[in-house]
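These notes are about the structure you will find just below.
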Amino acid sequence: MTGVLRPGHAQVRVLDLEASIKFYRDVLGLVETGRDAQGRVYFKCWDERDHSSYVIREADSAGIDFFGFKVLDKATLDRLEADLRAYGLATTRIPAGEMLETGERVRFQLPSGHLIELYAEKTAVGNGLGTTNPAPWGASREHGIAPIRLDHGLLYGPNIAEVQKIFVDVLGFYLVERVLTEDGQTSAAVWLSCSHKVHDIAFAEYPEPGKLHHCSFLMESWESVLRAGDIMSMNKVAVDIGPTRHGITRGCTIYAWDPSGNRFETFMGGYHPYPDYEPLTWTFDNFGQGLDYPQRKLHETFLTVVT
Ligand SMILES: [Fe+2]
């Protein structure tokens, strides 16, 4: 892999920092890795090797500040910044160290209103298992829901056709699946990959800019998704949809809300696309199957509840 490697970090706003720390650490089971002078709290999933992937800060409204991708190296960061500028997008450089253990970031705003970042460096802290003769898992995999990694995000905003062009033509992503609008003329939602994953980022057309639909966390198995559902119920977490299977991506899922109303997903599965695959298309009348294959139901909350 070259270019953009993967989703690297998301920074999400929460209403009550202490309640959110408890939730993300003890219910979702992320590993807390640091706090900074701005009051931000940093987490990683147990099997991630870089310092942090999910950052929360206290604010008056929930939602997402930015979503970041790790790129191969500093030369790639420079090249992608030049490509973004040549395309006509303004970029800004955020100095190394502004986020804990993170190098310089290139930030730009999408026509959907979202702030996207690229960076090449984040301190590798490891997963606690070492790199020589490692055990397959350790105690952190047994604490709370304990996802493996931040897998992808789904963002809602306007102009997603233009957003898709930026990701495909400039950043080297490819379209994996899409849902058409009711008239079949444009996309209502698109699933984009920079890897073998069914999506690294997805967007849905929505009138308000900059909205978060969900950040998704990867689970190891369907059984672990069901276990996540058990832990959600034990802790009175507000569940939105699932456990069920998406038709789109074939992933197995639970959507639920954090204490601030930010939706998150515990997810597993999907197939393994290549960039030469023809994208899969869902017509709007089958969006219900795309979202919830067994129930064939286009849940109202999926279309209307965002932060
Ligand atoms: Fe998702």
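Numerical summary
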| read-out | value |
| --- | --- |
| Count - residues of region 174-204 that are more than 16 Å from the ligand (Cβ to nearest atom) and assigned to a loop (DSSP other than H, G, I, E, B) | 7 |
| Cross-chain or 6+ apart pairs with Cβ under 9 Å, region 249-268 first and more than 10 Å from the ligand (Cβ to nearest atom), then acidic (Asp, Glu) and part of a loop (DSSP other than H, G, I, E, B) | Pro259/Asp16; Ser260/Asp16; Met268/Glu220 |
| Qualifying positions in region 223-270 - assigned to a loop (DSSP other than H, G, I, E, B) and surrounded by fewer than 19 Cβ atoms within 10 Å (Cβ to Cβ) | Asn235, Lys236, Arg250, Pro259, Gly261 |
| Residue within region 203-219 that is over 24 Å from Asp65 (Cβ atoms) and free of Cβ contacts under 8 Å to residues at least 60 places away in the same chain present | no |
| Those residues of region 106-117 which are surrounded by 17 or more Cβ atoms within 10 Å (Cβ to Cβ) and touching a helix residue (DSSP H, G or I) at 6+ places or on another chain (Cβ under 6 Å), in sequence order | Val106, Phe108, Leu110, Ser112 |
| Residues located in region 271-290, provided they are away from the ligand (no atom under 14 Å from the Cβ) and not in a loop (DSSP other than H, G, I, E, B) | Leu280, Thr281, Trp282, Phe284, Asp285, Asn286, Phe287, Gly288, Gln289 |
| Within region 205-219, considering residues that are within 11 Å of the chain's Cα centre (by Cα) and more than 21 Å from His272 (Cβ to Cβ), the one nearest to the ligand (Cβ to nearest atom) | His214 |
| Every residue from region 23-67 that is of a type in the set (Asp, Glu) and closer than 14 Å to Ser260 by Cα | Glu58, Asp60 |
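Where a number appears in this text, it was derived from the coordinates with a stated rule and is not lab data. Not measured: the values here are computed from a predicted model. All Cβ positions, even for glycine, are placed from backbone atoms using ideal geometry, and neighbour counts span all protein chains on display.
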